[in-house]
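Here is the structure we will look at, set down as structure tokens.
No lab work stands behind these numbers, since they all come straight from the coordinates. Note that the structure is predicted; figures quoted are calculated from it, not measured. Neighbour counts run over all protein chains shown; Cβ positions are idealised from the backbone, glycine included.
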Amino acid sequence: MIELRHHVLTFSFPEVHQEARCSISFSRTLRIPDDDRDHPLPPGLGNFPLHHVDDYGDRLPKLWSDHGGVFMPMYQAEALWISFGGGFRSYPMAVKVAAGKVDAVTGQPFRNELNRRPQDYVVIPDQPWLDGFCVRKGLIRQFVAMPLGQGYTAEEQLTGAAEHGGLQIVVHPMKASRYERLRAKWRERYESGVVYCAIPDSSGMGLAPGGRMRQEIYSDDYGFSAWERDVRSRCFVHLLNSGQYRTVTGFAPPYEPPTAADYTEAGLPWFEYFDADLEALEGAPRLDRLDSVGARRVKEGKTPLDGGENVEPKPTQIKRLRKSQVVRDGSTAW
């Protein structure tokens, strides 16, 4: 079952386990410079508003009604990151993320089923967020919204067509038996349960690869057999530009986000995320070969997008709490 509450998607599987639930939201963020440098994680600037497709079906393309799901507004060239909520010891889920039905982890055509080799999903809560396409080990290309039909999106570069756009999310829960064993280990190791957390049919938007960012996409630490591969929930997240959003809903779109240069000049923080317990995936050469938005504009002889000036952020490191809370007593006498 999927529910939309306060602009957050909640996936739950009561038929598997009463605690089998997770939340997914989409955060507005800075578009990092597309300058072939490796940037730290930009901040979240609040969630994008999400709306039920069924509430506005007569004003949206028919295909969107067929797909169901939700929609949200994005400015052209605006960036987003996906937040996976639930906390460190929440019920584990295997989550597949695609943009225009291109898998964001492998670059392969989207499929509902989980694939082990190569791993085509992220594991939550181990993976707290996803900012873009996994291109190399420890590096992603930021998700950046661009209109379909202009050749920028990952979908168009890999398939030659501007057919789907948007985001596709599929969630598979962990098997209840595996979760119960995992929870038993937690009870042994921890004293407390508190831990850290009407428009034309062809007018949609898709996600293109933007600037390069330091972010690890973690390998599955539980093993492929841990997942309920025949149990899943799917959600299509459609994208409207700001003008279309006002036309469809009558609401004003969110304010335009600041540029990375404005944000950095104000002395606000950037971030690095570090987890020593987990191994990162190698990345997808298929995605690494795609043109970023900036590179494609150079090829086409166009000027760079506004707001792409170079910045020199000083990131703050966020460290994941250790899975084991045993205190090491050291090897030197004292």
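Observations on the model:
- Calculated FRET efficiency, residue 4 to residue 65, Cβ-Cβ distance, R0 = 22 Å: about 0.85 to the nearest 0.05.
- Mean Cβ count within 10 Å, highest first, over the residues of peptides 243-252, 105-114: 105-114, 243-252
- Residue-by-residue Karplus 3J(HN,Hα) for segment 282-298, coefficients 6.51, -1.76, 1.60, Hz, glycine and proline x: 6, x, 10, x, 4, 7, 5, 7, 6, 6, 6, 4, x, 5, 5, 5, 5
- The calculated FRET efficiency for the pair residue 233 and residue 38, based on their C-beta separation and a Förster distance of 35 Å, comes to about 0.50.
- Shape of segment 66-142 from the C-alpha gyration tensor: rounded (a/c under 1.5, with a ≥ b ≥ c the square roots of its eigenvalues).
- Whole-Hz couplings from phi, Karplus 6.51/-1.76/1.60, listed for segment 33-41; x for Gly and Pro: x, 9, 10, 6, 10, 9, 9, x, 6
- The packing ranking, built from the mean of other Cβ atoms within 10 Å per residue, places the peptides 65-75, 91-101 in the order 91-101, 65-75, highest first.
- In this structure, the amide hydrogen of residue 101, modeled 1.01 Å from its nitrogen in the peptide plane, lies closer than 5 angstrom to those of 168, counting only residues at least 5 positions away or on a different chain.
- Ordering of 227-233, 26-32 by packing [mean C-beta count within 10 Å, highest first]: 26-32, 227-233
- Neighbour-count ranking [beta-carbon atoms within 10 angstrom, fewest first] of 288, 120: 288, 120
- Reducing segment 217-238 and segment 1-69 to their Cα centroids gives an inter-centroid distance of 17 Å.
- Across 62/175; 62/299; 101/175; 137/175, pairs whose alpha-carbon gap is larger than 31 Å: 62/175; 62/299
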